[in-house]
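Written below as structure tokens is the structure these notes are about.
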Amino acid sequence: MISIYKPSDFHVHLREGEILNQALKENIAYFQKILVMPNLKKPITNSKRLISYRNQIESINKNKIKIFFTIYLNSEWSTKEIVNCYKNKLFFAAKLYPKNATTNSKTGFSDIKDLTKYFYILEKHNIPLCLHGESISYQDDPFDREKKFLEKELSWLRKHFPNLKITLEHITTKDAVDYVKENKNISASITTHHLLENTNSFLGDSLKPELFCKPIIKNRNHQISLQKIALSGHKNFFFGSDSAPHYKKLKFNNECCAGVYSTKYSISNIIEFFSLNKKTKNLNKFLSLNGNTHYGLDFLKKEISFKKIKNYKFQKLSKCGDDFLCHYNHFKDYWSKI
Ligand code: DOR
Ligand code: ZN
């Protein structure tokens, strides 16, 4: 048996409509707090959309868990509106997407310098900035996008806004681990799938659309670097699942959407991973303490317990509307809530 504080997931996609219903219920079962991403089909680029999305979500949540919202940072916002919304506690952090880096990012930035006036506001009001850290250039290899982002956009940001609180989201490389360790005012989130998969499991044998995500899963050396830092409990690295549901027909098609839907089994997978590596003493750091400390938040020290079920029959699909969602799982054994 293992007991941990009810975790926080600092990076989730809930979508809207029937997917929102299902994804939120799964989150309520496992998490005491979530940070919700703003890349809807019509991204959250004004206060009207922000309020409407909050209402949709809170009418299902009914205060069961703490839900923190992000805004989609682009030039559609006025700086005044951002400050007003923040002061009224309508959102918690701003999310920045490079143009065409991932799902629903076509109104992301082309040149990060164009958003300078917003970075002043975020730094001044101590509003955290969450980054999709990939530099998009069709001259470069997609596997190098994260490294290029560190060298280009992130270095520029940190030089001009040294006091901005930054989260480098869903890191995938040793380069990102080293960068975060060496710099101040920056932490990184790590997903379940980037910890547990590598290019061999993703495409070494047969290509697995269910593991296709952005940033793309990297090789074993990068994976080991992520694993070591997560297992160590280092204070600047914490859990953010980037759990991203897509309908099955959009994943298994002639084009495949980026996103791994991991919520249902993520905590089981993380417990098993820490347990196999004899590091369960650091589970609370990775799943609760580090993220909450980075964001300056309290969390409830209420424990939940799990027991291990050998050779569990994991649910691969669940029905959603007239289609399905595919659940991600890595291990054979399941840590079930007691
Ligand atoms: O794989 C991904 N899917 N990465 C992201 O950054 C976004 C997400 C989504 O929204 O589907
Ligand atoms: Zn995401």
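The values are calculated or read from the model by the stated rules, or taken from the named source; none is laboratory data. None of the values given here were measured: they were computed from a predicted structure. Positions of Cβ are backbone-derived with ideal geometry, glycine not excepted, and every protein chain shown enters the neighbour counts. Areas reflect the complete protein model, heavy atoms only, side chains present, ligands, DNA and RNA absent. Shrake-Rupley method; radii C 1.70, N 1.55, O 1.52, S 1.80 Å.
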HIS330 fails exactly one of (1) open to solvent by 20 Å² or more (accessible area, probe 1.4 Å); (2) in contact with a strand residue (DSSP E or B) (Cβ under 9 Å, 6 or more places away or on another chain), namely (2)
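Given the criterion within 16 Å of ligand 2 (Cβ to nearest atom), in contact with a Gly (Cβ under 7 Å, 6 or more places away or on another chain) and without any contact (Cβ under 8 Å) to a residue 40 or more places away in the chain, identify the matching residue among LEU168, LEU131, LEU154. Lay out the reasoning, then the answer.
On the way: LEU131 fails: in contact with a Gly (Cβ under 7 Å, 6 or more places away or on another chain); LEU154 fails: within 16 Å of ligand 2 (Cβ to nearest atom).
LEU168 is the lone residue from the list that is within 16 Å of ligand 2 (Cβ to nearest atom), in contact with a Gly (Cβ under 7 Å, 6 or more places away or on another chain) and without any contact (Cβ under 8 Å) to a residue 40 or more places away in the chain.
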Looking at this structure, is ILE28 surrounded by fewer than 19 Cβ atoms within 10 Å (Cβ to Cβ), under 28 Å from LYS249 (Cα atoms) and β-branched (Val, Ile, Thr)?
yes
LYS235 - would you say it is out of contact with any Ser or Thr (no Cβ under 8 Å at 6 or more places or on another chain) and of a type outside the set (Phe, Trp, Tyr)?
no
LYS99 open to solvent by 40 Å² or more (accessible area, probe 1.4 Å) and away from ligand 2 (no atom under 16 Å from the Cβ)
no
Helices (runs of 4 or more DSSP H) fully within the range 107-179 counting 3 or more residues that are farther than 23 Å from LEU90 by Cα:
145-149, 155-160
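Here's the yes/no breakdown for (1) closer than 16 Å to TYR328 by Cα; (2) surrounded by 23 or more Cβ atoms within 10 Å (Cβ to Cβ); (3) not aromatic (Phe, Trp, Tyr):
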| position | (1), (2), (3) |
| --- | --- |
| THR191 | yes, yes, yes |
| LYS235 | no, no, yes |
| TYR261 | yes, yes, no |
| SER266 | yes, yes, yes |
Output the residues belonging to the range 143-155 that are open to solvent by 40 Å² or more (accessible area, probe 1.4 Å) and farther than 16 Å from GLY108 by Cβ.
PHE143, ASP144, LYS147, GLU151, SER155
Give the range 56-87 a look and list any residue that's polar (S, T, N, Q) and at negative phi, or say none.
GLN56, SER59, ASN61, THR70, ASN74, SER75, SER78, THR79, ASN84
Here is a list: ILE57, ILE19, ILE34. Which entry is in contact with a Pro (Cβ under 9 Å, 6 or more places away or on another chain), open to solvent by less than 20 Å² (accessible area, probe 1.4 Å), in contact (Cβ under 8 Å) with a residue 24 or more places away in the chain and under 30 Å from PHE212 (Cβ atoms)?
ILE19
Scanning the range 315-338 for residues that are assigned to a loop (DSSP other than H, G, I, E, B) and within 23 Å of the chain's Cα centre (by Cα) gives GLN315, LYS316, HIS327, TYR328, ASN329, HIS330, PHE331
Which of the residues that make up the range 180-197 are assigned to a helix (DSSP H, G or I) and away from ligand 2 (no atom under 16 Å from the Cβ)?
VAL180, LYS181, GLU182, LEU196
